[in-house]
Amino acid sequence: MRIKTMIAAAAIAVSTTAVAADMKPAVIYDMGGKFDKSFNEGVYNGVQKFTSETGIEVMEFEVTNETQREQAMRRMAERGATIILGVGFAQADAISKVAAEFPDTKFSIIDVSWLDAPNLRQYAFKEHEGSYIVGVAAAKASKTGKVGFVGGMDIGLIRRFGCGYVGGVKSVNANAEVYQNMTGTTPSAWNDPAKGAELTQSQIDRGADVVYHAAGGTGAGVIQAAADAGKLAIGVDSNQNGMAPGSVLTSMLKRVDVAAYETFIDVKNGNFSAGVHVLGLAEGGVDWALDENNASLVTDDMKAAIESARADIISGKVKVHDYFSDESCPY
């Protein structure tokens, strides 16, 4: 029996090694590039973690215009990629089409949950939960009772961030005012720091002293404008506390790095499965950031309030309204 067990274990090891040896991973970053200090860069960090641990290089492509998504994806598949990761909902149509053309290739996409293919994994996040807890932080930090939100492209996903944020703010201060602006209606809204700064300044002029962004590369302008005005910003996706130490109250972490790493490591280990993976606070998919760059800004009272809200959401005691449920925000 012991010999049989050893043989079986050896066979599994050989099989896993073969999978790793044959593995050719690829990632298609979206508009803004892999060093956008936000969404794409979060994915890049997950990819880098995978490469540093395994030594397996990942083919990369950075989309600079909308027509490149499908072309790049198909080219990666034709070059022998065994797993292709698409970054962002804007790649949904392309990955759906190319995955059907290459049924023996594995695909994964972040921020999509509505596709159906046997070779496709999808990752969705409960952004409203993470936005709620940073809304609690914003309300606790605000001295004026007025805070802001700057979104990127005006779509349901970003309104989901905004609505969760308002819910968190209102849970602390029911009379708080929350100003909301979207940067635009086209993909360029994700990479317009000047517009982000302009919108932030307009909110500050109306009394906002904390501004949260969910705007990709545009958020750099939001953070800079808040810092220049002596106000506070809240980052998103990646930990952006270090972009303006002492001026970023916290960052709403959307762990796209986890999705990227998990996709590739599962393929390497022969554990890849299709279907939808939904990651919220309970799953460690969203959270808030506390480090040396913002520690002086976060009081004990604020930290306790954030952690209490976090625990209540995980337990189900607090249910954060999901904009996707009815395309409205009740707060």
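The values are calculated or read from the model by the stated rules, or taken from the named source; none is laboratory data. Everything numeric in this text was worked out from a predicted model, so none of it was measured. Here the Cβ is made from the backbone with ideal geometry for all residues, glycine too, and neighbour counts use every protein chain on show.
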Residue in the range 118-126 that is without any contact (Cβ under 8 Å) to a residue 60 or more places away in the chain, farther than 17 Å from Arg160 by Cα and of a type in the set (D, E, K, R) present: no
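Results for (1) outside the structural domain of Leu157 (by TED's automatic domain parsing); (2) buried (at least 24 other Cβ atoms within 10 Å of the Cβ); (3) not polar (S, T, N, Q), shown as yes or no for each residue.
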| residue | (1), (2), (3) |
| --- | --- |
| Thr183 | no, yes, no |
| Thr186 | no, no, no |
| Ala208 | no, yes, yes |
| Ala214 | no, yes, yes |
| Gly219 | no, yes, yes |
| Ala225 | no, yes, yes |
| Gly230 | no, no, yes |
| Ala233 | no, yes, yes |
| Val236 | no, yes, yes |
Wholly enclosed strands (runs of 3 or more DSSP E) of the range 216-313 bearing at least 3 residues in contact with a helix residue (DSSP H, G or I) (Cβ under 6 Å, 6 or more places away or on another chain) and touching a residue at least 24 places away in the same chain (Cβ under 8 Å): 232-237, 248-254
Those residues of the range 75-105 which are under 13 Å from Met59 (Cβ atoms) and charged (D, E, K, R), in sequence order: Arg75, Glu78, Arg79
Matching entry among Lys146, Lys170, Lys195, Lys97 (being of a type outside the set (Val, Ile, Thr) and within 22 Å of the chain's Cα centre (by Cα)): Lys195
Unique match (being buried (at least 17 other Cβ atoms within 10 Å of the Cβ), at pLDDT 85 or above and more than 21 Å from Leu115 (Cα to Cα)) among Val43, Val58, Val87: Val58
Candidates Asp266, Asp291, Asp257 - the one that is charged (D, E, K, R) and under 17 Å from the mean Cα position of the chain (by Cα): Asp257
